[in-house]
1. What tally of residues in region 71-86 results from selecting those that are hydrophobic (A, V, I, L, M, F, W, C) and open to solvent by less than 40 Å² (accessible area, probe 1.4 Å)?
2. For the list (1) under 20 Å from Glu25 (Cα atoms); (2) in contact with a helix residue (DSSP H, G or I) (Cβ under 7 Å, 6 or more places away or on another chain), I need the number of the one condition that Arg97 fails.
3. With a cut-off of at least 3 residues that are modelled with pLDDT of 95 or more, name the helices (runs of 4 or more DSSP H) lying wholly within region 1-101.
4. I'm trying to understand the selection: among the residues of region 83-96, which are in contact with a strand residue (DSSP E or B) (Cβ under 9 Å, 6 or more places away or on another chain) and free of Cβ contacts under 8 Å to residues at least 40 places away in the same chain?
Amino acid sequence: ASSATATSGLGGAITYAYDPKFCDEMLPRFSERHNAAWLETHEFVSCDSVKDVMISAFDTWAANSPHIKFLDVTQHCADNDLWTRVDEPCSSANCVRCPAAEIMVR
(Lines give C-alpha, C1' and ligand atoms only; values in the text may rest on other atoms or scores of the structure.)
Protein backbone atom coordinates (compact mmCIF):
# COMPACT_ATOMS: atom_id res chain seq x y z
CA ALA A 1 0.00 0.00 0.00
CA SER A 2 1.25 3.44 -0.90
CA SER A 3 0.77 6.49 1.28
CA ALA A 4 2.19 9.93 1.94
CA THR A 5 3.84 8.58 5.08
CA ALA A 6 5.63 5.66 3.36
CA THR A 7 9.38 5.56 3.95
CA SER A 8 10.36 4.90 0.33
CA GLY A 9 10.09 6.98 -2.82
CA LEU A 10 8.60 10.44 -2.35
CA GLY A 11 7.06 9.33 0.97
CA GLY A 12 10.55 9.14 2.49
CA ALA A 13 13.38 10.23 0.24
CA ILE A 14 14.75 9.60 -3.21
CA THR A 15 17.76 7.39 -2.61
CA TYR A 16 20.95 7.73 -4.61
CA ALA A 17 24.39 6.16 -4.64
CA TYR A 18 27.66 7.07 -6.29
CA ASP A 19 29.11 4.42 -8.60
CA PRO A 20 32.23 3.08 -6.82
CA LYS A 21 34.34 4.31 -9.77
CA PHE A 22 32.62 7.72 -9.94
CA CYS A 23 35.62 9.74 -8.77
CA ASP A 24 38.13 7.73 -10.83
CA GLU A 25 36.09 8.53 -13.95
CA MET A 26 35.03 12.09 -13.10
CA LEU A 27 38.18 13.76 -11.76
CA PRO A 28 40.32 13.42 -14.93
CA ARG A 29 37.64 15.44 -16.77
CA PHE A 30 38.58 18.60 -14.84
CA SER A 31 41.33 20.47 -16.69
CA GLU A 32 42.38 22.13 -13.41
CA ARG A 33 43.91 18.83 -12.40
CA HIS A 34 46.53 18.72 -15.17
CA ASN A 35 47.06 22.13 -16.82
CA ALA A 36 50.24 23.21 -15.08
CA ALA A 37 52.99 21.57 -13.06
CA TRP A 38 52.43 23.89 -10.08
CA LEU A 39 48.82 22.76 -9.89
CA GLU A 40 49.93 19.24 -9.01
CA THR A 41 50.78 20.49 -5.52
CA HIS A 42 47.37 22.16 -5.10
CA GLU A 43 44.11 20.29 -5.20
CA PHE A 44 41.39 22.58 -6.56
CA VAL A 45 38.97 19.78 -7.45
CA SER A 46 38.66 16.69 -5.29
CA CYS A 47 36.22 13.83 -5.09
CA ASP A 48 34.73 15.36 -1.95
CA SER A 49 34.33 18.77 -3.60
CA VAL A 50 32.48 17.23 -6.57
CA LYS A 51 30.21 15.29 -4.21
CA ASP A 52 29.66 18.44 -2.12
CA VAL A 53 28.36 20.22 -5.23
CA MET A 54 25.97 17.32 -5.90
CA ILE A 55 24.75 17.39 -2.29
CA SER A 56 24.26 21.16 -2.51
CA ALA A 57 22.21 20.76 -5.69
CA PHE A 58 20.03 18.06 -4.11
CA ASP A 59 19.61 20.16 -0.95
CA THR A 60 18.59 23.21 -2.99
CA TRP A 61 16.06 21.17 -4.94
CA ALA A 62 14.66 19.71 -1.71
CA ALA A 63 14.52 23.14 -0.01
CA ASN A 64 12.36 24.43 -2.86
CA SER A 65 10.15 21.34 -3.13
CA PRO A 66 8.43 20.38 0.13
CA HIS A 67 7.67 16.83 -1.05
CA ILE A 68 11.16 15.97 -2.31
CA LYS A 69 14.24 15.01 -0.34
CA PHE A 70 17.30 12.96 -1.15
CA LEU A 71 19.23 10.33 0.79
CA ASP A 72 22.75 9.14 -0.06
CA VAL A 73 22.88 5.34 0.39
CA THR A 74 26.37 4.84 -1.06
CA GLN A 75 27.88 3.75 2.25
CA HIS A 76 24.90 1.47 2.98
CA CYS A 77 25.47 -0.22 -0.40
CA ALA A 78 29.17 -0.72 0.34
CA ASP A 79 28.73 -1.82 3.97
CA ASN A 80 26.15 -4.44 2.98
CA ASP A 81 27.89 -5.58 -0.22
CA LEU A 82 24.83 -4.70 -2.32
CA TRP A 83 26.63 -3.81 -5.57
CA THR A 84 25.48 -5.92 -8.52
CA ARG A 85 26.53 -5.92 -12.18
CA VAL A 86 24.31 -4.06 -14.64
CA ASP A 87 23.00 -6.25 -17.46
CA GLU A 88 21.91 -3.46 -19.81
CA PRO A 89 24.38 -1.32 -21.81
CA CYS A 90 26.31 1.05 -19.57
CA SER A 91 28.82 3.83 -20.25
CA SER A 92 30.53 3.49 -16.85
CA ALA A 93 33.71 1.43 -16.57
CA ASN A 94 32.27 -0.25 -13.50
CA CYS A 95 28.63 -0.85 -14.58
CA VAL A 96 27.24 -1.75 -11.18
CA ARG A 97 24.16 -0.69 -9.30
CA CYS A 98 22.78 -0.95 -5.79
CA PRO A 99 19.15 -2.03 -5.34
CA ALA A 100 18.84 0.39 -2.39
CA ALA A 101 19.50 3.34 -4.74
CA GLU A 102 16.76 4.71 -6.96
CA ILE A 103 19.35 6.89 -8.73
CA MET A 104 22.90 5.86 -9.63
CA VAL A 105 25.37 8.74 -9.99
CA ARG A 106 27.93 7.76 -12.62
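The values are calculated or read from the model by the stated rules, or taken from the named source; none is laboratory data. If you're wondering where the values come from, they're calculated on a predicted model, not measured in any experiment. In this analysis, Cβ positions are derived from the backbone assuming ideal geometry, glycine residues included, and neighbour counts consider all displayed protein chains. Note: areas computed on protein heavy atoms with side chains; ligands, DNA, RNA excluded. Shrake-Rupley method; radii C 1.70, N 1.55, O 1.52, S 1.80 Å.
1. Of the residues in region 71-86, 3 are hydrophobic (A, V, I, L, M, F, W, C) and open to solvent by less than 40 Å² (accessible area, probe 1.4 Å).
2. (2)
3. Filter on region 1-101 gives 47-63, 74-79.
4. Thr84, Arg85, Val86, Cys90, Cys95
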